[in-house]
Amino acid sequence: MMNPQYPPPGQNNNAPNNPIYPPSSQEYNGVQNANIYSQMPAGPQKQFDQDMAQKMQNMNINGSQGFNIPPTQLPPGQAPPNFGPGQGQRPAPMPIRPPAGGQFPPMTGQRPPSATGQALTAQEGFETQRPPSQPMPPMSQPLGISGQMPPHSKGGFPYQPIPVRPGMPPNQPTAGMVAQPGAAPQPGPGMQGPPQSQSSSIPTGIPQSRAGPIPGQPGLNPQSLGPQSGPGQGAPPHPGQMPRQGLSQPGQSSLGPQHGLPPTSQGLPLQPGMSPQPPQLGPGLQQQTGQRQPPHLGQQGTPTSQPSFPQQPGQIPSHPGQAGFLSQPGPPGLPAQPVQAGQPQPGPPGLPTQGLPSQPSHPGLPPQPSQGLLPQPGLPPQPGFPQQPGFGPQGPYQQMPGMPHMPPPLAQQRQFPNAPAQPGYGAPPGPPTSAAFPGMPPLPPQGHGQQYQGQPSGYPPQYQPPFPAQQPSYPGQQYQPPQKTLDPDQMPSPIEVMLDDQQNRGGVFVTNGKGLVPPLVTTDFIVDDKGNASPRYIRSSMYTVPVTADLLKQTAMPFCLVVSPMAETVGQELEPPLLDFAALTGSPGMGPVRCCRCKAYMCPNMKFVDAGRHFKCAFCKATTEVPMEYTQYVNSMQQYGRVPAEMALGAYEIVATTEYCRNNTLPKPPATVFVLDVSYNAVKSGLVDAFCENILDIIRELPKDEQGKSYTRVGFITYSSTVHFYNIKGSLGQAQMLSVGDVGDMFVPILEGFLERVEDSGSVLASLLEQIPAMFRENKETETVMLPAVQAGLEALKAADTAGQLFVFHTTLPTYNAPGKLVNREDRKLLGTDKEKQILGPQNTAYNELGAVCSAAGVAVQLFACNNAYIDAATVGQLPRLTGGQLYKYTYFTAECDGARLLRDVRRALRRPAAHDAVMRLRTSTGVRPTDFYGHFFMSNTTDVELAVMDADKAVGIEVKHDDKLTAEEGVYVQAALLYTHRSGQRRLRVLNLALSVAHQLADVYRSMELDTCINFLTKQAVWAVREAGGRAARQALGARCARSLAAYRRHCASPSAAGQLVLPESMKLLPLYTCCLLRSDALAGGPDITCDDRSCAMYRALTADVATSVVYTYPRLLPLHKLADSPDAKLTPLRASIDKMNEFGVYLLENGVHMLLWVGSQAPAEFVRDVFGVSSPQQIEPTVCELPVLDTPISRAVRAQIEHARDARRLCMRLLVVHQYDKKEVELRKMLVEDRGVNGAESYTEYLLATHKQVQKMM
């Protein structure tokens, strides 16, 4: 039960009036803000083998019957019968005539429009719909690349700019109406507008218009163009010719043509051989091009087929199989000509279209060359036009004999049968999805706004607005056909998601409700505990749980928890309060209040009944009697208007009594034993000297008690082929060394004086650390033991009757003939194959057995591998895995480069908050139960997680499954209890509570998904599956799970949309990207390009990572350091992990929590290089530098601060690797640029998104 006496300290960002989850235009069953990416490429289209007569039978060859005399045969100055004699005046709008057949064919296969708004087809085929309450994201800006290839081929698609004809404005709208800024388009009479929805769809794939000259027309601004009525929209005026009539003029209305009638100059038809005449302006009127006026009612902005409005029932393209083409009737006897979308609809037969090559008025007359227009690429060459570059004399196809301007047969229109379709260019050839006839491409979606209709195969687009990151072609540039590609900038970006969450959810997060979704782990926020534990301690993948197991199965996502009970607080957050019920109640034997059946601890979700004498458990529904002492304590608190912390907070600690201790005896403070390798390799690499010189300072920094003495006692063991113990008792004159030569039967030769506080040991410990390097400087032993040394430390701690940690510093493969001997089995060729299980599992069970014994004794192993060769991390890493420890690996260790990193990690491991000799149990309410556990721990049963140590840098993944149907009234309650020994020796209980909601519909489940937690758990689960099923099976299961989840959302939650659209839920729109990153990560897909030890370490790291660590490891962070030159104190915004975001003039920092790369461009600013590296040019930077030089410049301090901040945030000292542009080390950089195609052939982000979309289509 929530206590209302704890109001939020500040603004509650979870209040209902804060539209964190506003309704969306795509809300269907309550789904908010679905991201719809329309017109994705589909499969190949069927080929038609009918003859030309069958293909042309539906085209209106003879034209409509409304005119008997072709206008081209009229005398000059005479208007057609239906036109009045006025100049430029037109009668009232008339309805569009049906085809010659009399009726339109029925529409079949067309998807119904959405009840709440239909998706728009943006330029890239990708667009996002946002509710009105959400701010519109900034439009993407072009990258400024003009006709050149980027540094690499993105996503496997060659980069080609979209050609724009000279004189075409780069951002001219192709919709039928040009909307006034700030006003929505208004449909005219006779046109049925789309259904009005409460929230409008905003396409985000349309780039912003830029002020500047249009290519081919210097000095003409593209934003100054108004709606044009001529069919050659955007064509440059002929020299000496004034702009056309379609431009708006001040003081007069921009009259549009009638429906179905083409525009003519001065209202007269254009005669063959006559050039278009400019309109005559009235006296005193000057042509204005800087203003736009919306079309008036009853008029059209352009005489095009209106792509901005729904298609009228029965309207279909005149030529089946060609998207965006309408029939253009010509003179009798000639076949119809194709007219592209965005050009005027055909009028009565015989009326030629202004601006297009005029057709012959009589059969047999040669066509007259069009004047003032350039040839259109992709169409047959016209007389008088220069030949198209790249095409033969007959154009891109062979013309039919006797039909000089016929479009090619459908069988010849596919120039590239296997090429994928271009999003935004209509649907690709393939099985019909929502077409009126078989073989026709999908009809354009209906709705507000602009739509860019596609072109058929074989016809390059006549005009398309340029993509972001692409520039139009310029005059004098050779025409290049557009390549079918996707713009990665239009894909969902994790950078934008993180920035939006920081802006909208940063601040104070109040946990005062059930099922509140917390901010992202990348967001800076402060937690105000009001009944639910901080998300730093426990996170759920779903904050609204499906009511049944079948409903959960449909989502294909796990219901899991990632628990990090010892996580550190941030900023002003308070540590969980410590409650001592013996002191609070005055009863010495008073312990925690618990349920009599399930043993759950008192929490805010418990309900008091019977006047407070009993409480009802929220987990098992049992009723438990409240102890009298506790009742009195609660009543006394309420008299002062206070509520006990265990009833008001989601996280708190309780002092445990002796019944929670081993042998019913209070424990001693945990100790630490340093086990140091002193073999030849350790001495030569400088490990022994670096350790002995600095470890004493690190020990003295450990936390101390009230008297100023350290809690932790320390001991020292050295080993090579024998094991050495040291007596460091402070009463001795110098330390004593005792050796054990029989490593096969290990024992502890000393009891007293082995573990001492640093204050008690005094100068004895200092002198020992000075003597150790000298004693073993001449050691020539290269074969070492390892398992006996760990066993020696375990026996020493057991003899001292205390728990603790073993810090083991090891350098080589243990090949000495002793227990735990290993052989070199490294075979990197097996990595990435089905046989990799052989080298990713342990060689023998000796280390597993010792790890289980250590865990039972409460002894954890922290392994620091300072190796320069194969060490078999898969086997020796079982010790830290089973004891809750961690494996640190420093490949090719040298004290000069890696000594500082090693000492920093040791300091962090000793000082971080840790729970020793711990046991954790997760309790859930009825209906669900925990089933699977992943992490570094040992389990002797199915419920208790035994952790010799649990520190702040580790997390445990727990999957929860249904065992019964849930009820929405009760919800789901989770309680994680950690029983542990504090560093002071006090036995404590840390209790974490979380309340979740229950949903009957999948829409509510998807809305409350927490993707970062899902990815963290899926990574742990997949890594564990690699040991049994192999890497290939684990990766396939991940990919299939992603596709099933998106298909379930599309099937059950999203509003109806075209089959060519990819619909992503807002909360999981990054699922394809993160899945793509996982499938190419070292933990799951590490191949022969890495060592077997590196692959094993990556797997261990994934098992222990918390959500904050896994996010940056999945998607690395790229920072432009060169921007610090302008403002050293500025906060850098990360860039997308792609090579396209980098250029040769910059310096970038790329890190993922394990590797840190500093990439220096070949043309980096000399001043920046001098201030940061101390050299005059980028080429003079030493590639072997491990740390940046300390220079007294603002830029140097800012760059070094960025590096230190990254290391602190990752809680690991990453090695800095300087990479020059064009250096062979760039391979490491490209491996971390996860949005690009992998160096080993892994799919790029765009390629994987397309592949996922195809899988989703197959499942629909």
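The values are calculated or read from the model by the stated rules, or taken from the named source; none is laboratory data. Quick caveat: nothing in here was measured; it's all calculated off a predicted structure. Methodologically, a virtual Cβ is constructed for each residue, glycine included, from the backbone with ideal geometry; neighbour enumeration extends over all protein chains shown.
So the values come out like this:
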| item | result |
| --- | --- |
| Unique match (being crowded, with 18+ Cβ neighbours inside 10 Å, closer than 19 Å to M746 by Cβ and touching a residue at least 12 places away in the same chain (Cβ under 8 Å)) among G899, G820 | G820 |
| All positions within the range 946-957 that are buried (at least 24 other Cβ atoms within 10 Å of the Cβ) and part of a strand (DSSP E or B) | L947, A948, V949, M950, D951, V956, G957 |
| Matching residues, the range 675-696, being surrounded by fewer than 21 Cβ atoms within 10 Å (Cβ to Cβ) and either of a type in the set (D, E) or in contact with a strand residue (DSSP E or B) (Cβ under 7 Å, 6 or more places away or on another chain) (or both) | D689, E693 |
| Test: residue in the range 1133-1143 that is assigned by the TED database to the domain that holds E1228, β-branched (V, I, T) and closer than 22 Å to C1076 by Cα | yes |
| Tally of residues being surrounded by 12 or more Cβ atoms within 10 Å (Cβ to Cβ) and part of a loop (DSSP other than H, G, I, E, B) across the range 575-595 | 9 |
| Of all residues in the range 1067-1076 being of a type outside the set (G, A, S) and in a helix (DSSP H, G or I), the one that is surrounded by the fewest Cβ atoms within 10 Å (Cβ to Cβ) | T1075 |
| Qualifying residue in the range 1123-1131 (condition: part of a loop (DSSP other than H, G, I, E, B), under 28 Å from H1253 (Cα atoms), over 18 Å from the mean Cα position of the chain (by Cα) and in contact (Cβ under 8 Å) with a residue 60 or more places away in the chain) | no |
| Residues of the range 1208-1231 satisfying the condition of being surrounded by fewer than 19 Cβ atoms within 10 Å (Cβ to Cβ) and part of a helix (DSSP H, G or I) | D1208, A1209, E1226, V1227, E1228, R1230 |
| Test: residue in the range 733-750 that is in a helix (DSSP H, G or I) and buried (at least 19 other Cβ atoms within 10 Å of the Cβ) | no |
| Evaluation of V1026 against (1) under 21 Å from P842 (Cβ atoms); (2) touching a Cys at 6+ places or on another chain (Cβ under 7 Å); (3) of a type in the set (V, I, T) (one fails), failing number | (2) |
| Within the range 607-671, strands (runs of 3 or more DSSP E) holding 1 or more residues that are farther than 30 Å from S710 by Cα and in contact with a strand residue (DSSP E or B) (Cβ under 6 Å, 6 or more places away or on another chain) | 607-609, 614-616, 623-625 |
| Selection count where residues are in a loop (DSSP other than H, G, I, E, B) and touching a Ser or Thr at 6+ places or on another chain (Cβ under 8 Å), scope the range 505-517 | 5 |
| Any hit, the range 1181-1202, residues being part of a loop (DSSP other than H, G, I, E, B), within 25 Å of the chain's Cα centre (by Cα) and under 29 Å from V570 (Cβ atoms) | no |
| Residue that is at pLDDT 95 or above and under 34 Å from the mean Cα position of the chain (by Cα), where the choices are L882, L850, L830 | L882 |
| Residue match in the range 517-529 (condition: of a type in the set (D, E, K, R), at pLDDT 95 or above and within 30 Å of A618 (Cβ to Cβ)) | yes |
| D1082 being under 19 Å from D953 (Cα atoms) and among the acidic types (D, E) | no |
| Selection within the range 548-557 - surrounded by 21 or more Cβ atoms within 10 Å (Cβ to Cβ) and part of a loop (DSSP other than H, G, I, E, B) | M557 |
| Single unsatisfied condition, A1025 versus (1) within 19 Å of F933 (Cβ to Cβ); (2) in contact (Cβ under 8 Å) with a residue 60 or more places away in the chain | (2) |
| Failed criterion for V1169 (all others in (1) buried (at least 20 other Cβ atoms within 10 Å of the Cβ); (2) more than 32 Å from the chain's Cα centre (by Cα); (3) in a loop (DSSP other than H, G, I, E, B) hold) | (3) |
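Each row is one residue, and each column tells you yes or no for (1) assigned to a strand (DSSP E or B); (2) of a type in the set (S, T, N, Q); (3) in contact with a Gly (Cβ under 9 Å, 6 or more places away or on another chain); (4) farther than 27 Å from Q805 by Cα.
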position	(1), (2), (3), (4)
V974	yes, no, no, yes
G985	no, no, no, no
D1004	no, no, yes, yes
W1024	no, no, no, no
A1033	no, no, no, yes
C1042	no, no, no, yes
Y1049	no, no, no, yes
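Residues are listed down the side, and each one gets a yes or a no for (1) of a type in the set (D, E); (2) outside the structural domain of R1211 (by the TED database); (3) over 15 Å from the mean Cα position of the chain (by Cα); (4) surrounded by fewer than 24 Cβ atoms within 10 Å (Cβ to Cβ):
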{"position": "G1030", "(1), (2), (3), (4)": "no, yes, yes, yes"}
{"position": "A1033", "(1), (2), (3), (4)": "no, yes, yes, yes"}
{"position": "L1038", "(1), (2), (3), (4)": "no, yes, yes, yes"}
{"position": "A1043", "(1), (2), (3), (4)": "no, yes, yes, yes"}
{"position": "P1065", "(1), (2), (3), (4)": "no, yes, no, no"}
{"position": "L1078", "(1), (2), (3), (4)": "no, yes, no, no"}
{"position": "P1088", "(1), (2), (3), (4)": "no, yes, yes, yes"}
{"position": "R1095", "(1), (2), (3), (4)": "no, yes, yes, no"}
{"position": "A1105", "(1), (2), (3), (4)": "no, yes, yes, no"}
